[in-house]
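The values are calculated or read from the model by the stated rules, or taken from the named source; none is laboratory data. For clarity, every value in this text was computed on a predicted model and none was experimentally measured. Positions of Cβ are generated from backbone atoms using ideal geometry, with glycine treated the same way; all protein chains shown enter the neighbour counts.
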Amino acid sequence: MIGVVGGGQLARMLVEAARSREIPVSVQTASMDDPAAEFAARVVTVDPCDGSGTRQLVEGCDGVTFENEWVNIDSLIPLEQQGVRFRPSLSALTPLVDKLSQRQLLADLSIPSPPWCPLSVISPSQPALPQGWTFPIMAKASRGGYDGKGTLVLRHIEDLAQLIRSVEPEDWLLESWVDYERELALVVSRDSQGRIHRFPLVETHQSDQVCDWVLAPAPVDQSVEAMAYNAAASLLTKLNYVGVLALEFFYGEDGLQVNEIAPRTHNSGHFSIEACSSSQFDQQLCIAVDLPVPEPRLNCAGALMVNLLGLDPLDAQPLEQRLERLRELTDTHVHWYGKSPETPGRKLGHVTTLLNATSRETRQKQAEDALAAIRGIWPLKTI
């Protein structure tokens, strides 16, 4: 049995992967209504940030992994000292749970990322941008941000002054604005023997700072994929990281820059469930229980993953009708996370369409047609 700290949709998909290998999974999550609870062999209904719940979770588990990085690491250290095997280890996870330490790590390894500075270095009495910077800029909370939460666009000096007054400056960073051509992402894994496995580099598209769709493989030169892999391999090796990790990139005139590091499975890797010989969740599972980790190879020419965000039920077609229409689409697989109720903007599921065209141009057209068909059934926003 393995334990998972967290019970959202990432944990649910890990539990589903474990069922195919007949490995039971115990999850620690706040409610029996959380997505992973439905299929877990055992549920510890304690908030994932509560170390006392993790102490219950680890009983009878051969290894323990994390749904996400928002855990109380200090409360877990005694368990690791007592022999609990966390994947990734707490020492590898620690510098990645905070964006400030992430950026310092990237700088130490000479891995390009957007220019940044801690908000705490800006004078509260006379706020000014670092030399050479211009508005707009991004402000990011150092912990807990995702899907656009914990980020702000600052367009004027007054915005900067207001931010300093309203938050703890030690918990935020500023980032120079980046003009990019594409957003890319790469999911990799590293096992206990130091072997690194990688999924195809993908292109991602955001709408209102939430992932809309993912295209695999990304329509970029192999040299770009090589640079992305080298950055990931450097991080994994430096941290002696054992587990699954994702990197988000900006790509444009300034080259390839790391935007964020996610020490876990990632939205950009969901396509791998159907499109690869071993999914990102299968990789996480094998690493957690120390099974041989398969090489994740594409078993099709490409794939398009589209997120399903909640709509206003008063304006949208009935939920079951939308899901039934999606299931009727060719080569399309529907993943429903079991969340209720449907509320606008909530991540409720995703669909993956497998692409069979061997040429990049034809595959791009297939993806565009598939996206139009999916959004014709499940729009980003109600009309």
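Evaluate the following for ALA30: is it over 18 Å from GLN284 (Cα atoms), in contact with an Asp or Glu (Cβ under 6 Å, 6 or more places away or on another chain), outside any strand (DSSP E or B) and modelled with pLDDT of 95 or more? Reasoning before the result, please.
On the way: over 18 Å from GLN284 (Cα atoms): yes; in contact with an Asp or Glu (Cβ under 6 Å, 6 or more places away or on another chain): yes; outside any strand (DSSP E or B): yes; modelled with pLDDT of 95 or more: yes.
Taking the combined requirement at face value, the residue satisfies it.
Among the residues of segment 162-193 satisfying the criterion of being part of a loop (DSSP other than H, G, I, E, B) and β-branched (Val, Ile, Thr), which is farthest from ASN259 (Cα to Cα)?
From segment 162-193, those part of a loop (DSSP other than H, G, I, E, B) are 167-168, 177-181, 191-193; that's our starting set.
Then keep just the ones that are β-branched (Val, Ile, Thr); that gives 167, 178.
Values: VAL167: 22, VAL178: 10 Å.
The extreme case among them is VAL167.
Among the residues that make up segment 375-382, is at least one of them of a type in the set (S, T, N, Q) and in the same structural domain as VAL210 (by TED's automatic domain parsing)? It would help to see each step written out before you state the result.
Initial filter on segment 375-382 (of a type in the set (S, T, N, Q)): 382.
Those left that are additionally in the same structural domain as VAL210 (by TED's automatic domain parsing): none.
Checking segment 375-382: not a single residue is of a type in the set (S, T, N, Q) and in the same structural domain as VAL210 (by TED's automatic domain parsing).
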(message) Pairs needed: first member in segment 260-284, in the same structural domain as GLY349 (by TED's automatic domain parsing); second member anywhere, among the basic types (Lys, Arg) and modelled with pLDDT of 95 or more; C-beta distance under 7 Å; at least 6 residues apart or different chains.
(response) CYS276/ARG297; SER277/ARG297
(message) If a residue must be surrounded by 13 or more Cβ atoms within 10 Å (Cβ to Cβ) and under 28 Å from PRO318 (Cα atoms), how many such residues does segment 340-368 contain?
(response) 15
(message) So the check is Cβ under 6 Å with 6+ separation or different chains; which pairs have a first residue in segment 309-323 that's within 17 Å of TYR337 (Cβ to Cβ) and a second one that's in a helix (DSSP H, G or I)?
(response) ARG322/ILE377
(request) Return only the number of the condition from (1) under 21 Å from ASP179 (Cα atoms); (2) part of a helix (DSSP H, G or I) that PRO112 does not satisfy. (result) (2)
(message) Given (1) under 26 Å from LEU152 (Cα atoms); (2) of a type in the set (Asp, Glu); (3) crowded, with 20+ Cβ neighbours inside 10 Å, identify the lone condition not met by ASP208.
(response) (3)
(request) Find all pairs meeting these conditions: Cβ atoms under 9 angstrom apart; at least six residues apart or on different chains; first residue within segment 154-183 and crowded, with 17+ Cβ neighbours inside 10 Å; second residue part of a loop (DSSP other than H, G, I, E, B) and of a type in the set (Lys, Arg). (result) ASP171/ARG143
(request) Confirm whether VAL44 is buried (at least 20 other Cβ atoms within 10 Å of the Cβ), farther than 17 Å from VAL289 by Cβ and in contact with a strand residue (DSSP E or B) (Cβ under 8 Å, 6 or more places away or on another chain). (result) yes
(request) Kindly indicate which of SER120, SER101, SER125 is in a loop (DSSP other than H, G, I, E, B) and outside the structural domain of ALA30 (by TED's automatic domain parsing). (result) SER125
(message) I want to confirm something. Restricting to segment 228-241 and keeping residues that are out of contact with any helix residue (DSSP H, G or I) (no Cβ under 6 Å at 6 or more places or on another chain) and surrounded by 18 or more Cβ atoms within 10 Å (Cβ to Cβ), which single residue is nearest to LYS99 (Cα to Cα)?
(response) LEU235
(request) Looking only at segment 8-27, count how many residues are surrounded by fewer than 17 Cβ atoms within 10 Å (Cβ to Cβ) and part of a loop (DSSP other than H, G, I, E, B). (result) 3
(message) Any residue in segment 217-229 that is farther than 18 Å from THR358 by Cα sitting within a Cβ distance under 8 Å of a residue that is among the small types (Gly, Ala, Ser)? List the pairs, counting only those 6 or more apart or interchain.
(response) VAL224/ALA218; GLU225/ALA218; MET227/GLY255
(request) Hey, can you tell me all the residues within segment 270-313 that are of a type in the set (Asp, Glu) and surrounded by fewer than 23 Cβ atoms within 10 Å (Cβ to Cβ)? (result) GLU274, ASP290, GLU295, ASP312
(message) If ARG322 meets every condition in (1) at pLDDT below 95; (2) part of a helix (DSSP H, G or I) apart from one, which number is that one?
(response) (1)
(request) Select from segment 20-42 the residues that are in contact (Cβ under 8 Å) with a residue 40 or more places away in the chain and in contact with a Leu (Cβ under 7 Å, 6 or more places away or on another chain) and list them in ascending order. (result) ARG21, ILE23
